[in-house]
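The values are calculated or read from the model by the stated rules, or taken from the named source; none is laboratory data. What you see is a predicted model; the values in this text were computed from it and never measured. Cβ coordinates were reconstructed from backbone atoms using ideal geometry, including for glycine residues, and neighbour counts include every protein chain displayed. The protein model used for the area step is the full one, side chains on, heavy atoms only, and it has no ligands, DNA or RNA in it. Shrake-Rupley method; radii C 1.70, N 1.55, O 1.52, S 1.80 Å.
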Amino acid sequence: MTAEQVPCHPILACARDLETSLKSVSEMPADYLRARDKEEALVTLARVKAETAELELRLLAKAVDVAEEHAARDAGTWLAHATRVTAQAARADLHLAADLEAHPLTAAAMRDGSVNQAQARVIVRAVDKLSDEVDDLTRARAEKHLIELAGTHDPRDL
């Protein structure tokens, strides 16, 4: 079996497909889309951006082996170097990645595109600020309520 015939993991295949799809329209002018189509495309792309961000964060949370392979302090440090983002931004993403592992409702909301990355940061921060005396059921209800509010409120309003 050649290297081209070895099946890749579905997540890697998805990433490659996304890149190919984006390249296929990279030079296409948006001038001639009807207003209704622009509206649908913009809302769909915002949802896809949240879904893609969640996938990236899920991978980042599990990329300890990548950091070790590159002798980086952590996956965020490696990602900052590999993608030329600031160390601060990569560290923030690494923290959010860990937070989402502890907040599966918010992660699921990002995965379905109903919560964006900025909203997710606000939600996990708010839930984590609850007193230690607050039980897990109440925390989950608070998280669910904030996720519902994210449907009509931006991160600042949350």
Next item on the list: Just grab the label-to-label distance for ASP154 and LEU22, each label 7 Å out from Cα along the Cβ direction, in nm (one decimal).
Entry: 2.3 nm
Check: Zone of HIS95 (label point 7 Å along Cα→Cβ, backbone N under 11 Å): which residues in the stretch 122-158?
Finding: 125
Note to self: Run the reach check for LYS62 against lysines, Cα to Cα strictly under 24 Å, same-chain hits fewer than 8 apart removed. What comes back?
What the structure shows: LYS49
Check: Which Cα, out of LEU59, SER114, GLN88, lies furthest along the positive dipole direction of the stretch 51-155 (beta carbon charges, K/R +1, D/E -1)?
Finding: GLN88
Next item on the list: Determine the gain in length on full extension of the stretch ASP65-ALA13; use 0.36 nm per residue of separation and subtract their C-alpha separation, reporting nm with one decimal.
Entry: 16.7 nm
Note to self: Can you give the FRET efficiency to the nearest 0.05 for GLU51 and ARG73, using r as the Cβ-Cβ distance and R₀ = 25 Å?
What the structure shows: 0.30
Next item on the list: For the stretch 1-80, state which trypsin sites (Lys or Arg not before Pro) are in a DSSP loop and have at most 12 other beta carbons lying within 10 Å of their beta carbon.
Entry: ARG34, LYS62, ARG73
Margin query: List the residues, sorted by chain then number, that are 5 or more residues from ASP74 or on another chain and whose placed amide H is less than 5 Å from its amide H.
Written below: none
Next item on the list: Please give the FRET efficiency for GLU133 paired with GLN88, using the beta carbon to beta carbon distance and R0 = 30 Å, rounded to the nearest 0.05.
Entry: 0.35
Note to self: Rounded to whole Å, give me the distance from the Cα center of the stretch 87-158 to that of the stretch 1-69.
What the structure shows: 23 Å
Next item on the list: Name the residue, out of ALA35, ALA75, ALA61, whose mean-square fluctuation peaks in a Gaussian network model built on the chain with Cα pairs under 10 Å.
Entry: ALA35
Notebook entry, point to check: If VAL48, VAL25 are ordered by their accessible area, calculated over protein heavy atoms with a 1.4 Å probe, which sequence runs from highest to lowest?
Noted result: VAL25, VAL48
